[in-house]
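S.K.: Encoded as structure tokens, here's the structure I'll be asking about.
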Amino acid sequence: MSNASLPPPTYADVVSAAQRLAGVAHRTHVLRSHMADTLLGTQVFFKCENQQRTGSFKFRGAYNTLSQFSDEQRERGVLAFSAGNHAQAIALSARLLDMPALIVMPEDAPATKMAATREYGAQVVTYNRYTEDREAISHRLAQERGMTLVPPFDHPHVIAGEGTAAKEFLEEVPDLDYLFVCVGGGGLLAGSLLATEALAPSCRVVGVEPEAGNDGQQSLRSGQLVQIPTPHTIADGAQARSLGQITFPIIQRLAEDIVTATDEQLVEALRFFAERMKLVVEPTGALAFAGARHGNVDVHGAKVGILISGGNVDMSRYARFLAD
Ligand SMILES: *Cc1c(COP(=O)(O)O)cnc(C)c1O
């Protein structure tokens, strides 16, 4: 089941994903805030994927992908390379579906993330990120053990799974004029675009990237897939160096625009979520709100949806953001 041999995902795949996820993933809350309405001069709705299982929307794509494995794939198990939310999403999905999981992580990954991944039942293999190539290691391990490698965004089943968050959002708030979605490799954005095209074709979907890593914006504006060096930003879930071969054409066809937010604007948004909405959000998870507020999109008087993508942040790091 290599991703290259599968057709690109469609809205029908998002609908099937939603059926697989029913009763397994949380149908996360949609929250309002008077203060957010005042700040943006409009009505704002927040879909809280920071409260999804494993703390991010990535559980949706991971579970949707693993639940379509053949019996043989299930027996051999799944392999992923990630130091972040994809690792935990794959680890929990594998446990729920009763298959082995191997996660390849840099040896200097935060101890809490490694521990969380192990707690979900995955085996963790570490590598030195300065001297070893994680893709080469992962491919070798996958080959040796017959495991199926699942990438974090550029896979049709992953994209379809991620699209279920926007599907739920639009079912609950059908008349959004704008939907803001953060962008790393573009899996969440591509899935959100498929759902929006089907359910709310007049709703404009805007991607938000860290200012230091605006490869997606450059790609959209130049019409070609632009690759950049790993960007330096506190939004560690959006450090992908480029959009994907599968995500980019969907984004190119359907996205209104991609805007950016600075690290300072992300910190401001984290404080807003903590203080006003009592929500723990990770820096990457705050991109959509920061982009809606500062990305020069005229949302005045429009009905605005914000997808909060995740809430996994090391607590001492989080405390520093709030205290700065
Ligand atoms: C992975 C991730 C993203 C980026 O998602 P893509 O599908 O790669 O664009 C954004 N926010 C959080 C919390 C994530 O874990």
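The values are calculated or read from the model by the stated rules, or taken from the named source; none is laboratory data. Quick caveat: nothing in here was measured; it's all calculated off a predicted structure. Every residue, glycine as well, gets a Cβ built from its backbone with ideal geometry; the counts of neighbours run over all protein chains shown.
S.K.: Could you list, in sequence order, all residues of the range 291-324 that are more than 14 Å from residue 237 (Cβ to Cβ), outside any strand (DSSP E or B), touching a residue at least 60 places away in the same chain (Cβ under 8 Å) and not aromatic (Phe, Trp, Tyr)?
M.R.: Matches in the range 291-324: 291, 292, 293, 295, 297, 299, 300, 301, 302.
S.K.: Only one of 241, 253 is at pLDDT below 95 and surrounded by fewer than 19 Cβ atoms within 10 Å (Cβ to Cβ); which?
M.R.: When all the criteria are applied, what remains is 241.
S.K.: Here are some conditions: (1) of a type outside the set (Val, Ile, Thr); (2) away from the ligand (no atom under 16 Å from the Cβ); (3) over 20 Å from residue 236 (Cα atoms). Residue 120 meets all but one. Which one does it not meet?
M.R.: Looking at each condition in turn, residue 120 falls short on (2).
S.K.: Checking residue 241 against (1) more than 14 Å from residue 214 (Cβ to Cβ); (2) within 12 Å of the ligand (Cβ to nearest atom); (3) charged (D, E, K, R), which single condition isn't satisfied?
M.R.: Residue 241 satisfies all of (1) more than 14 Å from residue 214 (Cβ to Cβ); (2) within 12 Å of the ligand (Cβ to nearest atom); (3) charged (D, E, K, R) except (1).
S.K.: Filter the range 123-161 down to residues that are touching a helix residue (DSSP H, G or I) at 6+ places or on another chain (Cβ under 9 Å) and hydroxyl-bearing (Ser, Thr, Tyr) and give me whichever is nearest to residue 7 (Cα to Cα).
M.R.: Only one residue fits best here, namely 148.
S.K.: If you don't mind, another one. Which of the residues that make up the range 181-225 are within 12 Å of the ligand (Cβ to nearest atom) and outside any helix (DSSP H, G or I)?
M.R.: Hits for the range 181-225 are 181, 182, 183, 184, 185, 186, 207, 208, 209, 210.
S.K.: Tell me, which helices (runs of 4 or more DSSP H) lie completely within the range 8-109 with 2 or more residues that are within 25 Å of residue 178 (Cα to Cα)? Walk me through it before giving the result.
M.R.: On the way: elements: 11-21, 34-40, 58-66, 71-76, 85-96.
Where helices (runs of 4 or more DSSP H) fall fully within the range 8-109 and carry at least 2 residues being within 25 Å of residue 178 (Cα to Cα), they are 11-21, 34-40, 58-66.
S.K.: Tally the residues that are more than 9 Å from the ligand (Cβ to nearest atom), closer than 21 Å to residue 27 by Cβ and surrounded by fewer than 24 Cβ atoms within 10 Å (Cβ to Cβ), restricting the search to the range 286-315.
M.R.: Of the residues in the range 286-315, 1 are more than 9 Å from the ligand (Cβ to nearest atom), closer than 21 Å to residue 27 by Cβ and surrounded by fewer than 24 Cβ atoms within 10 Å (Cβ to Cβ).
S.K.: Let me ask something else. Have a look at 245, 252 and point out the one that is within 28 Å of residue 200 (Cβ to Cβ) and not in a loop (DSSP other than H, G, I, E, B).
M.R.: 252
S.K.: Still on this model: Being in contact with a Ser or Thr (Cβ under 7 Å, 6 or more places away or on another chain), of a type in the set (A, V, I, L, M) and surrounded by fewer than 19 Cβ atoms within 10 Å (Cβ to Cβ) narrows it down to one of 267, 226, so name that one.
M.R.: Being in contact with a Ser or Thr (Cβ under 7 Å, 6 or more places away or on another chain), of a type in the set (A, V, I, L, M) and surrounded by fewer than 19 Cβ atoms within 10 Å (Cβ to Cβ) holds for just one of 267, 226, which is 226.
S.K.: Can I ask one more? Here is a list: 156, 152. Which entry is farther than 18 Å from residue 74 by Cα, touching a Leu at 6+ places or on another chain (Cβ under 9 Å) and of a type outside the set (A, V, I, L, M, F, W, C)?
M.R.: Of 156, 152, the one residue that is farther than 18 Å from residue 74 by Cα, touching a Leu at 6+ places or on another chain (Cβ under 9 Å) and of a type outside the set (A, V, I, L, M, F, W, C) is 156.
S.K.: Turning to a different aspect of this structure: Say we look at the range 110-134 and pick out the residues that are under 21 Å from the mean Cα position of the chain (by Cα) and in a loop (DSSP other than H, G, I, E, B); which of these is nearest to residue 314 (Cα to Cα)?
M.R.: 110
S.K.: In the set 69, 57, which member is surrounded by fewer than 24 Cβ atoms within 10 Å (Cβ to Cβ), at pLDDT 95 or above and among the aromatic types (Phe, Trp, Tyr)?
M.R.: Exactly one of 69, 57 is surrounded by fewer than 24 Cβ atoms within 10 Å (Cβ to Cβ), at pLDDT 95 or above and among the aromatic types (Phe, Trp, Tyr), namely 69.
S.K.: Give me the residue from the range 111-157 that is among the aromatic types (Phe, Trp, Tyr) and either surrounded by 14 or more Cβ atoms within 10 Å (Cβ to Cβ) or in contact with a strand residue (DSSP E or B) (Cβ under 8 Å, 6 or more places away or on another chain) (or both) and, out of that set, farthest from residue 54 (Cα to Cα).
M.R.: The residue in question is 127.
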